[in-house]
Amino acid sequence: MTNVLDTQGVSKKFSGIMAVHDLSISVDAGESVGLIGPNGAGKTTFFNCVLGVLRVNAGVVRLAGDDVTEMPVHARARRGIGRTFQRIELFAESTVREHLLIAERTRRRDGGLWKDLIGRGRPRADEIAKCDEVLELLGLRDVADEPIEHLSLGQGRLVEVGRALMTDPKLLLLDEPTSGLDRQETADLAITLRAVQEHRQFAILLVEHDVEFVSSFTQRSYVLDFGQLIASGPTQDVLRDPQVRAAYLGVEEISS
Amino acid sequence: MTLAATLGSDLLRALLQGTPPGTVYALIALGFVLTYKTSGVFNLAFGAQASISAAMYYKAHTDWRWPILPALIVSVFVLAPGVGLLLERLVFRHLRTASSVAKIVVTLGLSIAVPSIFELVFQFQGVAGRTPEGIVPNGAGVYYDPFGVYPFSRNELMTMAVAVTAMLGLAALFKFSALGLQMRAVVESPRMTELNGIRADRVSALSWALSSSFAGMAGVLIAPRFNTLAAPDFFNLVVVAIAAAVLGKLVSLPRALVGGFCLGWIIALLGTFLPRWSRTQTWLRPFQENLTPSVPFLVLFGVLVFWPAIRRAREASDPLSGVDPPPSSVGSGARGASRPRFSRVIGLALLVGIGVIVFIRADTSWIFLVTQAVVMSTIYLSVTVITGLAGQISLCQGTFAAIGGFTVFQLADRHGVSVLLAAVIGAVIAAAVGAVLSLPVLRLGGVWTAVATLAFAYLFDSVLVKISWICGGGTSLLQGTRVPRPVVGPWDFADDRSFLVLTVIVFIVVAFAVTQIRSGTVGRTLSAISGSEVAAESIGISPARARVTAFAVSAFIAGLGGALLSIHQRNVNYGSNFSPFAALFWLVLVVSLGARTVQGAAQAGAAFSLFDTLILRGTFMGWILRSSKRIPEIFPINPKWRFVFFGLGTIQFARHPEGLVEHGKRQMRRRVDALRKRRTGSGGSIDDASPVSTPQPSSEPSNETDTAVVPVGETTR
Ligand SMILES: Nc1ncnc2c1ncn2[C@@H]1O[C@H](COP(=O)(O)OP(=O)(O)OP(=O)(O)O)[C@@H](O)[C@H]1O
Ligand SMILES: [Mg+2]
């Protein structure tokens with residue numbers, strides 16, 4: 001079994017609205033998969049179900065074959081899911097490097113109250129080196145010591161990616177990484193992401209409205225509409241599907 | 001047969017007896033939910049608002065001998081809505097986007113400041129033993145006994161009549177007036193405000209005025225049940241209100257109403273039946289004896305902790321949930337910009353200098369105050385940990401400190417354990433209690449953590465303190481809770497000077513530990529969580545675990561500090577040192593001076609014990625003027641002003657969570673930087689330009705030089 005992620009019949013209801021309905025998808029190791037659909041289709045909700053931020057009403061979530069449906073978020077994260085957020089979620093008033101350092105420290109799980117008290121809680125040289133390696137990879141070396149308030153949105157997204165990478169994820173969930181970025185920044189992000197993925201070998205599940213970005217980045221895609229799966233298959237084919245076009249009003253001009 | 005009959009009449013009597021207080025509780029709960037749902041403010045100052053109306057009524061009716069009606073009108077229909085409007089206009093309107101935790105801190109500050117302002121303005125002083133009068137003459141007289149089981153007094157009848165009228169009035173307002181309709185729409189779905197173009201300002205102003213009147217009316221009605229008019233008693237009322245509101249799941253006004261009645265009945269039922277059970281179950285005694293005060297806290301604590309539905313209701317009903325952007329964090333970014341080293345050295349040198357002077361020159365009373373400042377600073381470091389680092393509001397730090405104090409009393413005074421060892425044991429017990437308490441409480445999050453810890457503090461205050469093996473029970477009332485000073489080898493700390501040294505050492509050790517934690521894994525983890533909880537979880541951090549650690553550490557520090565304070569005063573002095581209301585002022589002080597740094601805690605400690613003597617009594621002014629005779633007339637200033645200063649100081653917390661001192665310093669630094677930049681920027685050009693443009697301090701200021709300088713500076717920028 002090589003699936004890093006495998007969900008079966010995941011459903012999530014919000015006071016009457018079926019935000020996600022009976023969704024079964026799978027992602028293989030090292031693969032890039034798209035998850036697309038119009039606004040309010042339930043993509044973010046599905047991510048939250050996979051990571052455990054939301055409890056599913058029905059269905060099973062498996063990571064690398066293990067059932068994690070009942071696990072809390074942090075336990076799932078430790079099993080190798082990293083994530084970025086649609087609306088950026090950074091730690092206020094921390095520097096870029098500090099974001100990565102805390103992720104690295106958490107992954108190693110060798111910190112604690114007693115170590116802090118005897119003065120062994122400060123960042124160590126090998127941790128800093130490891131962070132700087134990722135910062136280098138993402139091209140954030142120059143802003144490593146900047147507080148995140150000084151960064152651009154594009155850099156902020158990269159910090160989220162970097163923070164997720166420090167946990168050595170087997171699967172990275174990217175929630176609209178290009179929203180709010182201009183063309184140039186989007187192109188740069190695509191290049192950086194692809195390079196990092198090559199280097200680190202993890203699977204990506206990508207939620208994205210930018211069709212160009214999705215079709216260039218993913219081999220296959222799932223399409224959601226009103227919480228339901230309406231199409232799946234190779235990204236190019238899926239995007240040509242008339243049902244998908246109908247759901248995605250106004251996308252025709254871009255994709256053709 | 002007869003048993004059933006007495007049971008039945010007991011039940012009926014309890015229900016009848018519980019109804020009058022139930023109506024008042026319902027009134028408070030209504031007012032509370034009204035502001036909560038229309039402005040998103042979890043108004044802990046509600047009790048303070050009730051207290052000033054009650055005090056106003058007392059002042060007007062009893063002191064000034066006004067007739068009942070004008071006194072009632074002034075206190076309930078003029079003062080109360082006026083205060084509500086003022087608070088809305090001057091404070092909460094500007095805090096609409098602030099986090100719910102920041103708002104709750106502001107309301108805490110207000111609940112200390114508002115009664116003090118009233119007392120200062122009206123020179124009001126609650127007199128013990130003079131029971132406040134109700135709003136009917138001869139209110140305690142028995143008036144009506146409908147079923148022959150419980151006779152209502154005139155006060156009770158009046159209370160019910162007034163409360164029911166007020167509720168009907170509110171209902172009519174909601175039904176028949178346009179603004180009332182809008183208000184109801186907002187109450188039922190806070191998001192409606194934005195969607196339907198409802199004038200939020202007017203709705204929220206009206207709701208503040210209304211709820212404040214409700215508070216005032218409840219205050220006046222309930223006052224005859226207290227034997228003095230003290231702000232702390234009224235502060236309890238807000239806990240009652242929250243308990244009632246929570247019983248109604250905080251979702252709607254009718255449910256809050258029902259919650260209030262239920263609370264009244266529960267108390268009366270327990271009052272009737274508990275004495276029977278406690279004859280066989282002695283552990284119930286303390287509960288029985290402190291029934292009325294303790295039930296709301298028991299109910300609140302129990303509901304919050306054991307009733308999961310309330311948490312779900314919270315998700316659905318919290319006006320702050322959902323659409324709003326996540327509130328900015330309270331405790332993040334603990335590691336501020338590093339200060340220039342030389343200013344740190346100067347600060348340290350100054351401190352050491354003062355320390356040496358105090359140590360050599362000070363007399364007993366000064367030594368006492370300085371020692372107290374150091375001990376309080378140690379306690380305040382516990383707030384630095386839980387609020388500054390973890391971003392949580394804990395209102396039971398006084399309880400943790402009391403646990404430390406009482407442990408020393410029990411172990412050292414009763415069992416002869418070495419005092420310092422007992423202090424450490426006390427801290428460990430406090431930490432254990434804190435950790436256990438945090439498990440259910442921290443799941444609640446934000447505002448609820450504050451409320452649950454407050455309920456716990458009152459539970460301890462009204463029940464646990466009375467238990468003999470905790471706090472000495474009956475004997476301690478006569479003999480006090482004596483605590484000896486430690487003797488370690490050759491050092492006898494009965495001497496005040498050596499004890500001061502000991503406290504300073506403890507403070508330094510604890511402060512060092514706090515800075516280590518802050519820069520280590522735990523501090524970074526907590527900072528990440530308060531920066532973004534969901535992001536922290538997504539990298540594998542367990543927020544629950546981190547917060548339990550923070551709570552335990554904080555309780556440990558508070559316990560240690562509480563033990564030291566008791567040792568210092570040679571007595572636990574629970575009531576004046578550690579009661580929930582007293583401990584409220586701690587949080588207010590630390591938060592307004594700076595909850596993030598060790599320095600902030602130290603300044604809060606100094607402010608707590610020295611502000612009065614040094615500033616308000618004019619001693620400091622006397623030093624500057626080099627004679628105590630030349631101190632201006634305005635001194636001594638009433639010590640209540642410090643409650644006003646620091647209580648109102650919390651208002652800036654919403655915008656500058658780093659605290660007054662740190663904020664002031666940042667402003668200063670920014671200004672100095674700007675000045676320096678301008679200086680260096682214009683300095684070069686001045687040299688290049690004609691020397692005429694340099695202003696000479698000795699030369700007469702002519703118009704020429706004045707105008708010449710400005711353009712030079714301008715052109716270089
Ligand atoms: N916490 C919540 N409570 C109630 N309803 C919610 C909640 N979160 C999402 N929803 C609803 O669930 C549906 C799916 O929302 P979701 O955010 O998952 O969509 P999405 O596909 O990510 O959309 P977008 O492209 O705009 O990000 C929407 O109708 C939304 O209103
Ligand atoms: Mg989304």
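The values are calculated or read from the model by the stated rules, or taken from the named source; none is laboratory data. Nothing here was measured: the structure is a model prediction, and the numbers come from that model. Counting neighbours? That spans all protein chains shown, and the Cβs are built from the backbone with ideal geometry, glycine included. Calculation scope for accessible area: heavy atoms of the full protein, side chains included, ligands and nucleic acids excluded. Shrake-Rupley method; radii C 1.70, N 1.55, O 1.52, S 1.80 Å.
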>> If amide hydrogens are placed 1.01 Å from N in the peptide plane, which non-local residues have theirs closer than 5 Å to the one on A:Ile230?
In response: A:Val223, A:Leu224, A:Asp225
> What accessible area, summed over both chains, is buried at the A-B interface (1.4 Å probe, Å², nearest 100)?
Replying inline: 2600 Å²
>> Name the residue from B:Gly31, B:Ser153, B:Ala48 whose Cα lies farthest towards the positive end of the charge dipole of segment B:17-279, charges +1 on Cβ of Lys and Arg and -1 on Cβ of Asp and Glu.
In response: B:Gly31
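To the nearest 20 debye, what charge dipole does chain A have about its Cα centre, counting +1 at the Cβ of each Lys and Arg and -1 at the Cβ of each Asp and Glu? Walk me through the intermediate numbers first.
Values: 30 positive and 38 negative charges, 201 e Å.
Computed about the Cα centre, the dipole is about 960 debye.
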>> Please list, by residue number, every one of the trypsin sites (Lys or Arg not before Pro) in segment A:72-153 that is coil in DSSP and has at most 10 other beta-carbon atoms within 10 Å.
In response: A:Arg109
> For segment B:198-235 and segment B:609-638, what is the separation of their Cα centres, given in Å?
Replying inline: 37 Å
> Short version: which residues of segment A:45-86 lose at least 50 Å² of accessible area, all chains versus chain alone, 1.4 Å probe?
Replying inline: A:His74
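Over chain A, what relative contact order in percent results from Cα pairs under 8 Å that are six or more residues apart? Before the final figure, lay out the partial values.
Details: 459 pairs, mean separation 70.5, N = 256.
Contact order relative to length: 28 percent.
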> So, in Å, what gap is there between the alpha-carbon centers of segment B:520-556 and segment B:88-158?
Replying inline: 39 Å
>> Solvent-accessible area of A:Ser216, probe 1.4 Å, all protein chains present, reported in Å² to the nearest ten, please.
In response: 70 Å²
> Carbon and sulfur: what percent of segment B:17-279's accessible surface (1.4 Å probe)?
Replying inline: 63 percent
> Which residues' amide hydrogens lie under 5 Å from the amide hydrogen of A:Asp28, considering only partners 5 or more residues apart or on another chain, with H built in the peptide plane?
Replying inline: A:Val4
>> If each DSSP helix of 4+ residues adds -39,500 (n - 2.57) and the sum is divided by the residues in chain A, what number results at 222 nm, nearest 500 deg cm²/dmol?
In response: -11000 deg cm²/dmol
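Count neighbours as other Cβ atoms within 10 Å of each site's Cβ, and list the trypsin sites (Lys or Arg not before Pro) in segment B:25-131 that are DSSP loop with at most 16 such neighbours.
On the way: sites: B:Lys37, B:Lys59, B:Arg65, B:Arg89, B:Arg93, B:Arg96, B:Lys103, B:Arg130; in loops: B:Arg65, B:Arg96, B:Arg130.
For trypsin sites (Lys or Arg not before Pro) across segment B:25-131 that sit outside H, G, I, E and B with at most 16 neighbouring Cβ atoms in 10 Å, the list reads B:Arg65, B:Arg96, B:Arg130.
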>> Sort B:256-266, B:207-217 by the packing proxy (mean of other Cβ within 10 Å over each peptide's residues), most packed first.
In response: B:207-217, B:256-266
> Looking at the protein assembly as shown, what % of its DSSP beta bridges pair antiparallel, to the nearest 5?
Replying inline: 60 percent
> Can you work out ³J(HN,Hα) from phi for every residue in segment A:53-67, in order, using Karplus 6.51 cos²θ - 1.76 cosθ + 1.60 and θ = phi - 60°, giving whole Hz and x for Gly and Pro?
Replying inline: 4, 10, 7, 6, 7, 7, x, 10, 10, 10, 10, 6, x, 9, 6
>> Taking the Cα centre as origin and putting +1 on Lys and Arg beta-carbons and -1 on Asp and Glu beta-carbons, what dipole magnitude results for segment B:349-495, to the nearest 20 debye?
In response: 220 debye
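Please state the relative contact order of segment B:370-663 as a whole percent: Cα pairs under 8 Å, 6+ residues apart?
Working: 488 pairs, mean separation 100.2, N = 294.
Computed value for segment B:370-663: 34 percent relative contact order.
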>> Among B:Leu421, B:Phe174, A:Leu206, which residue has its Cα furthest toward the positive end of the charge dipole of the protein assembly as shown, with +1 on Lys/Arg Cβ and -1 on Asp/Glu Cβ?
In response: B:Leu421
> How about segment A:1-74: which chymotrypsin sites (Phe, Trp or Tyr not before Pro) there lie in a loop by DSSP and see at most 14 other Cβ atoms within 10 Å?
Replying inline: none
> If you place +1 on the Cβ of every Lys and Arg, -1 on the Cβ of every Asp and Glu, and leave all else neutral, what size is the dipole of the protein assembly as shown about its Cα centre, to the nearest 20 Debye?
Replying inline: 2460 debye
> If you count, for every residue in A:153-165, the Cβ atoms of partner chains within 10 Å of its Cβ, what is the mean?
Replying inline: 1
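Taking each residue in A:88-101, count the Cβ atoms of any other chain within 10 Å of its Cβ, then average. What number comes out? Could you put the intermediate results ahead of the total?
Values: counts 2, 8, 4, 12, 10, 11, 8, 1, 0, 0, 6, 4, 1, 3.
What the average comes to for A:88-101 is 5.
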> With the other protein chains left in place, how much accessible area per residue, in square angstrom, belongs to segment B:17-279 at a 1.4 angstrom probe?
Replying inline: 38 Å²
>> If amide hydrogens are placed 1.01 Å from N in the peptide plane, which non-local residues have theirs closer than 5 Å to the one on A:Ala58?
In response: A:Ser11
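Can you give the net charge of the other residues whose Cβ lies under 15 Å from the Cβ of B:Phe493, counting K and R as +1 and D and E as -1? Working shown, then result.
Working: positive: B:Arg485, B:Arg497, B:Arg570; negative: B:Asp492, B:Asp495, B:Asp496.
Once all neighbours under 15 Å are counted, the net charge is 0.
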> Each residue of segment B:511-518 in order: what ³J(HN,Hα) in whole Hz does its phi give by Karplus 6.51 cos²θ - 1.76 cosθ + 1.60, θ = phi - 60°, with x for Gly and Pro?
Replying inline: 4, 4, 4, 5, 5, 4, 4, 5
> Which whole-Hz couplings ³J(HN,Hα) result when phi for each residue of segment A:84-89 is put into the Karplus expression 6.51 cos²θ - 1.76 cosθ + 1.60, θ = phi - 60°, listed in order with x for Gly and Pro?
Replying inline: 10, 10, 4, 9, 3, 10
> Say the dipole of segment A:92-148 comes from +1 at the beta carbon of Lys and Arg and -1 at that of Asp and Glu; which of A:Leu135, A:Leu113, A:Leu101 then lies farthest toward its positive end?
Replying inline: A:Leu113
